[in-house]
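Below: one structure, written as structure tokens.
The values are calculated or read from the model by the stated rules, or taken from the named source; none is laboratory data. Bear in mind that the values here come from a model prediction, so they are computed numbers and not experimental data. All Cβ positions, even for glycine, are placed from backbone atoms using ideal geometry, and neighbour counts span all protein chains on display. All accessible areas refer to the heavy atoms of the entire protein, side chains included, with ligands and DNA or RNA removed. Shrake-Rupley method; radii C 1.70, N 1.55, O 1.52, S 1.80 Å.
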Amino acid sequence: QSALTQPASVSGSPGQSITISCTGSSSDVGTYNLVSWYQNHPGKAPKLIVYEDNKRPSGVSNRFSGSKSGNTASLTISGLQAEDEADYYCCSFAGGNIHYVFGTGTEVTVL
Amino acid sequence: QVQLVQSGAEVKEPGASVKLSCKASGITLTNHFMHWVRQAPGQGLEWMGTVHPDTITTTYSLRFQGRVTMTSDTSTSTVSLELRSLRSEDTALYYCMREAIGAAKNFDCWGQGTLVTVSS
């Protein structure tokens, strides 16, 4: 099972919106409504920011939103802020013997 | 404070074993699956397996089956990962995570990571 494909880096200016894609297959992203997204500041514990494709945990800013079309999930960060500079990973449940597959990770830079 | 606290960095020689721990503080592990993933240098995250602290049920990725053992100790709210027959490719940052309640297929709490270096 291959990792989910994410762009290596995405950048934007403060206040702008950016979108990170996460491309999988019909065995994972395309079958299960179970894509989650994680924010990882270097040296810190990763944080859940989106689950079940488009739901936000309590306490997560509504500037983060998830969506999905076919085998590709997306994370949009609107009103980009300096504190959003981090690595972002998607994850999909894949069932069977694979269970979970993660994305390759995207480094977000706030210009 | 709600957190998972992982054990410190390890340096091991090829062929050795390593055992990592992950202790819950301020959160419960009851009724939650606990998972381990790793991130090799320059690579993405790789799922290794899961253990249910209440039932001691384990499921491992086929890639690690035979080399990995995940255990739990509910009396200390600690889960552990043992990886045997280490090779250089096992050099990575290892994370423990709690799966959200109801086997929700997402991870609502993560440890800070433990760096394992395999080198002669």
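At a glance:
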{"read-out": "Near pairs, Cβ below 7 angstrom, 6+ apart or cross-chain, from the range B:1-24 (touching a residue at least 40 places away in the same chain (Cβ under 8 Å) and over 24 Å from B:Glu99 (Cα atoms)) to any residue that is assigned to a loop (DSSP other than H, G, I, E, B) and open to solvent by 40 Å² or more (accessible area, probe 1.4 Å)", "value": "B:Val11/B:Ser119; B:Glu13/B:Ser120; B:Pro14/B:Arg87; B:Pro14/B:Ser120; B:Gly15/B:Ser85; B:Ser17/B:Arg84"}
{"read-out": "Residues (farther than 24 Å from A:Ser58 by Cβ and charged (D, E, K, R)) located in the range B:64-120", "value": "B:Arg67, B:Asp73, B:Glu82, B:Arg84, B:Arg87, B:Glu89, B:Asp90"}
{"read-out": "Complete set of residues in the range B:10-34 that are touching a Ser or Thr at 6+ places or on another chain (Cβ under 8 Å), crowded, with 16+ Cβ neighbours inside 10 Å, closer than 27 Å to B:Asn106 by Cα and not polar (S, T, N, Q)", "value": "B:Leu20, B:Cys22, B:Lys23, B:Ala24, B:Leu29, B:Phe33, B:Met34"}
{"read-out": "Selection status of B:Thr55, assigned to a loop (DSSP other than H, G, I, E, B), among the hydroxyl-bearing types (Ser, Thr, Tyr), surrounded by fewer than 20 Cβ atoms within 10 Å (Cβ to Cβ) and more than 10 Å from every other protein chain (Cβ to nearest Cβ)", "value": "yes"}
{"read-out": "Candidate set from the range A:1-39 (those that are among the aromatic types (Phe, Trp, Tyr) and within 14 Å of the chain's Cα centre (by Cα)); member that is surrounded by the most Cβ atoms within 10 Å (Cβ to Cβ)", "value": "A:Trp37"}
{"read-out": "Conditions (1) open to solvent by 60 Å² or more (accessible area, probe 1.4 Å); (2) within 14 Å of another protein chain (Cβ to nearest Cβ); (3) among the charged types (D, E, K, R); number of the one not met by B:Glu46", "value": "(1)"}
{"read-out": "Pairs, first closer than 13 Å to B:Trp110 by Cβ in the range A:38-64, second in a loop (DSSP other than H, G, I, E, B) and open to solvent by 80 Å² or more (accessible area, probe 1.4 Å), C-beta under 9 Å, six or more apart", "value": "A:His41/A:Glu85; A:Ile49/A:Arg56"}
{"read-out": "Strands (runs of 3 or more DSSP E) within the range A:37-97 that include 1 or more residues more than 11 Å from chain B (Cβ to nearest Cβ), aromatic (Phe, Trp, Tyr) and closer than 21 Å to A:Gly15 by Cβ", "value": "A:64-69, A:86-95"}
{"read-out": "Where B:Ala92 falls short, out of the listed (1) open to solvent by less than 50 Å² (accessible area, probe 1.4 Å); (2) without any contact (Cβ under 8 Å) to a residue 24 or more places away in the chain; (3) more than 12 Å from every other protein chain (Cβ to nearest Cβ)", "value": "(2)"}
{"read-out": "Filtered residues of the range B:95-120 (kept if surrounded by 16 or more Cβ atoms within 10 Å (Cβ to Cβ), free of Cβ contacts under 8 Å to residues at least 60 places away in the same chain and not aliphatic (A, V, I, L, M))", "value": "B:Lys105, B:Asn106, B:Asp108"}
{"read-out": "Only one of A:Glu52, A:Glu85 that is closer than 15 Å to B:Ala104 by Cβ, open to solvent by 20 Å² or more (accessible area, probe 1.4 Å) and acidic (Asp, Glu)", "value": "A:Glu52"}
{"read-out": "A:Gly79, sole failed condition from (1) under 22 Å from B:Cys96 (Cβ atoms); (2) touching a residue at least 24 places away in the same chain (Cβ under 8 Å)", "value": "(1)"}
